[in-house]
Structure formats: C-alpha cells, structure tokens
Amino acid sequence: PKTVAVLGQDQILEGARQLNIYPLITKHNRAGKGLGVQLFQNEGELEAYVNSPAFEPSVDGITLLQEYIKPADGRIRRSEFIGQKFLYTVSIDSSDGFQLCPAEGCQIGKKKEELESSEKFQITEPLEKEREQAYTKFLQHSGIDVAAIEWVQSERGEIYVYDVNTNTNYNPTAEKNANIYAHEHLAEYLGKLLKEQG
C-alpha cells in the first residue's frame, strides 16, 4: 500500500496531506501486537487524534501513514519463513481490530477453551509458487532469515504486502490444528547454523 514515514507528531497531518489517501491507518515504525495502529476515514478524525491525549507516539518517533486496504474476506495473512524457506501461511480474522499478534502471550485474558475453539488464526493453503518465489527473493536480498510477511487481498482481488515481521510469533492453536510446529523448524534451522559455525 502507499505509505509515508513521518518523524515527529507535528508532521503527521502534513504527511497525510502529501499521501492524500483515505481511509488511512497510522502505525508505529517499531512496534508489535498492532500497537499504535489506528484507522481514520478523513483528515478531521486524524487531526482530532493527533492533537488529543490519546495519541500514542512510536518509540523511535517515526509514524507510518499507510493506505488502508480492506480485506476481501475480512482476514489478513502472515506467511512464515524460516531459513528463507516458506513454512506456512496463517489466516487471521481482522474483524475485531488491528491487534493481530498470533502468539499465546498476546491472548492474555482469554480462557483456554475459548482459545482452543477459536478460528481467529488458521493455517491455510500454501502460497502460489510465484509469490513464494518473490517473497523468498525479497528475504534473500534483504538478508532476513526468519520472518513473517504480512499481506492482504483487497476487495478487487489485488495482493498487497504491508508489513514484514522479523520478530515473528506463532499461534499454538492453529499449529496444533494443522499439525505443524514452527518452533521445531526454527530449532532445527538454528542447530544447523551452530554446526556450520562450529
């Protein structure tokens, strides 16, 4: 999606005017769990937020302003890669907002039975070969070995990559249901690296 990075709270409105796209979302340059992600339908909403006590600055002072892409089916995807190799894609229901962290620690306050029956996180079909190759090439070019590439399919059927998580997390319920465990693959990959360096 079209995106601009803005340094400082006082530059956000001007950055949004340059981007000139609504609806848009604000997000922290460095964050996690969807913290700082807000959706705005117009400049008036954004201005009210930026000038209110509710405004939440990014830890490095950089706020990203990004075109909002509405998911065709209400779900976003995270394609997980370990050792620059595709492992699986998890489909995430985004209807409850932007805090879409799949890790067990992000689900604090929810009962075990609720987590086990939830369909919020589902491991789905593999990536199309062409996109798997494109994402792999990007990771190789960027020197990133372990990551989740987040993407969304718009209502027009277009695919947008909107984030790359290099501190990725995995959802234990989805993995149990699909009988695939990323931590096992990660441990195997790290063990291989240790042997190569030993």
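Between N177 and T136, the FRET efficiency estimated from the beta carbon spacing at R0 = 22 angstrom works out to 0.30. All C-alpha pair distances within the chain, sorted into 5 Å bins from zero, spread as 1, 7, 14, 18, 18, 16, 13, 8, 4, 1, 0, 0 percent across the bins. In this structure the chain gives 59 Å² per residue of accessible area when probed at 1.4 Å with all protein chains present. When the chain is described by a simple charge dipole with +1 on each Lys and Arg Cβ and -1 on each Asp and Glu Cβ, the residue from L139, G198, V50 located farthest towards its positive end is G198.
Report relative contact order for the chain in percent, whole number only (criteria: Cα-Cα under 8 Å, sequence separation at least 6).
21
In terms of distances greater than 28 angstrom between alpha carbons, the cross-link table entries K27/K120; K85/K120; K27/K192 yield K27/K192.
With 0.36 nm allotted per residue and the present C-alpha distance subtracted, the K70-N20 stretch has 16.3 nm of extension available. Helix-only arithmetic for the chain: the sum of -39500 (n - 2.57) across DSSP H runs with n ≥ 4, divided by the residue total, places the mean residue ellipticity at 222 nm at -8500 deg cm²/dmol. With viscosity 1.002 mPa s and temperature 20 °C, the Kirkwood radius over alpha carbon pairs of segment 1-67 converts through Stokes-Einstein to a diffusion coefficient of 185 µm²/s. Local charge for I180 was computed over the other residues whose Cβ lies under 15 Å away, with Lys and Arg +1 and Asp and Glu -1, and equals -2. Taking θ as phi - 60° and the Karplus parameters 6.51, -1.76 and 1.60, the scalar couplings of segment 179-190 work out to 6, 9, 10, 4, 4, 5, 5, 5, 4, 4, 5, 5 Hz in sequence order, x denoting glycine and proline.
The values are calculated or read from the model by the stated rules, or taken from the named source; none is laboratory data. Here the structure is a predicted model, which is why all the values come from computation and not from measurement. As a convention, Cβ positions derive from the backbone with ideal geometry for all residues, glycine included, and neighbour counts pool all protein chains shown. With ligands, DNA and RNA removed, areas are computed over all heavy atoms of the protein, side chains included. Shrake-Rupley method; radii C 1.70, N 1.55, O 1.52, S 1.80 Å.
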